[in-house]
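Single-structure report; data block below.
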Amino acid sequence: MRKTMIAANWKMHLATHEASLLVHRLHQHIKTHRDIEIVLAPTMLTLQPLSLEIDRRRFRLAAQNAYFKDEGGFTGEVSFTMLRGLVHYAIIGHSERRIYFNESLEMIRDKVAAAIRNEIAPILCVGETKHERDARETRQVLHDQVTTALSGLTADEVSQVVIAYEPVWAISTFGGEIARPLDVAEALKFIRYEVSELYGQNVADEIRILYGGSVNEHTAGGYLALDDCDGALVGSASLNYHSFAAITDVAFRMSHQA
Ligand code: 13P
């Protein structure tokens, strides 16, 4: 059984006091759903204070990024080694990092390996741009991103990875078109197929695949109903406690209908 994950990517929003306030509201509004894993990804600066404030039975923390070297002369960076014990997860290869910070396939592969080496489970983001979609290159792009990022890992390590399919054109930052669940279903199925080709059916059955891109309380149900969808990675709507709590409620209701 794959546990549903609802993850909040706060991106570069919320200073420490604002993040604390949001966590306080989430404690009030999110019911304890044992079957749903709720993950919060605040900025690097707020991870430590939030780790002292969250109810660990209800929330887990994720970093939004880290550097693949364990230590050294890399001014401005924070390593996965430094995050060890502080976070369960790290978002790796988000399209904003691929596009704004020129993160290459190889750098993302090295970050995935560094996370695993430091006992942090990667939430690996993949997805095609609008241009690639229009050129019907979606499968090729997903193939390249998945294959490179996971290369060098054992089957056991791959089963700890969470993959988030986030078509770039559906992310609010890049236009926020609403993706049709039918199209999302096809991409998720293809990603699982790719994992089965590389690591076998057991790993493909175990690995969790999320959907991300303009998910809110109204659209979440359509994606969560898909066979291959094991949760959501939520951006804008995760900054609003009503919306985010409502998304977790939808996930809870749907996990109980299944
Ligand atoms: P939005 O939900 O704001 O589209 O962001 C999605 C995302 O990038 C999550 O990582």
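The values are calculated or read from the model by the stated rules, or taken from the named source; none is laboratory data. From a predicted model like this one, the values you see are computed outputs, not experimental measurements. Cβ: placed from backbone, ideal geometry, glycine included. Neighbour counts: every protein chain shown. The accessibility values were calculated without ligands, DNA or RNA, using every heavy atom of the protein model including side chains. Shrake-Rupley method; radii C 1.70, N 1.55, O 1.52, S 1.80 Å.
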- Message: Can you list residues from other chains, or at least 5 along the same chain, whose modelled amide H is less than 5 Å from the amide H of L40?
- Response: A8, R60, L61, A62
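Once R0 is set to 22 Å, what does the formula 1/(1 + (r/R0)^6) return for the Cβ-Cβ distance between M44 and R2, expressed as a FRET efficiency to the nearest 0.05? Don't jump to the answer; show the numbers that get you there.
Details: r = 29 Å, r/R0 = 1.30.
So, using R0 = 22 Å, E works out to roughly 0.15.
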- Within the accessible area of the range 97-142, what % is carbon and sulfur when the probe is 1.4 Å and the other protein chains stay in place? 48
- Query: Taking H as built 1.01 Å from N, whose amide H comes closer than 5 Å to the amide H of A164, not counting residues under 5 places away?
  - Reply: L124, C125, V126, L210
- Message: With a 1.4 Å probe and all protein chains kept in place, how do Y211, Y241 rank by accessible area, largest first?
- Response: Y241, Y211
- Query: Of G200, Y165, G175, whose Cα points farthest to the positive end of the dipole of the range 119-258 (charges on the beta-carbon: +1 Lys, Arg; -1 Asp, Glu; origin at the Cα centre)?
  - Reply: G175
- Query: Put a dot 7 Å past each Cα toward the Cβ at I99 and M12; how far apart are the dots in nm?
  - Reply: 1.5
- Note on the structure: So the carbon and sulfur contribution to the accessible area of the range 206-258, 1.4 Å probe, in percent, is 48
- Residue list for the range 155-190, given a label point 7 angstrom along the Cα-to-Cβ vector of E119 and an amide N cut-off under 19 Å: 156-162
- Note on the structure: In order over the range 67-73: 3J(HN,Hα) from phi, Karplus 6.51/-1.76/1.60, θ = phi - 60°, whole Hz, x for each Gly or Pro, gives 9, 7, 7, 6, 6, x, x
- Note on the structure: Any residue on another chain or 5+ positions along whose placed amide H is under 5 Å from the amide H of S79 is listed here as Y67
- Query: Under a plain spin-label model, where a point goes 7 Å from the Cα along Cα-to-Cβ, how far apart in nm are H242 and L86?
  - Reply: 3.4
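Please list D205, D230 from largest to smallest accessible area, probe radius 1.4 Å, with all protein chains kept in place.
So, going from the largest accessible area down, we get D205, D230.
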- Item | Average accessible area per residue (Å²) across the range 158-258 - probe 1.4 Å, nucleic acids and ligands excluded | 41
- Task: Work out, step by step, the length gained on full extension between R180 and T75: first 0.36 nm times the residue separation, then minus their alpha carbon distance; give nm to one decimal.
- Result: 33.6 nm
- Query: Tell me, what % of the accessible area of the range 1-55 is carbon and sulfur with a 1.4 angstrom probe?
  - Reply: 57
- Note on the structure: Here the range 91-97 yields Karplus 3J(HN,Hα) values (6.51, -1.76, 1.60; θ = phi - 60°; whole Hz; Gly and Pro given as x) of 6, 10, x, 4, 4, 5, 6
- Message: Per DSSP helix of 4 or more residues, -39500 (n - 2.57); summed, then divided by the residues of the chain. What does that give at 222 nm, rounded to the nearest 500?
- Response: -13000 deg cm²/dmol
- How big, in percent, is the set of alpha carbon pairs in the range 1-159 lying more than 27 Å apart? 28
- Item | Per residue value of the accessible surface for the range 1-143 (all protein chains in place, 1.4 Å probe), Å² | 52
- Task: For K111, list the lysines whose Cα falls under 27 Å from its own Cα; do not include residues on the same chain fewer than 8 positions away.
- Result: K3, K11, K69, K130, K189
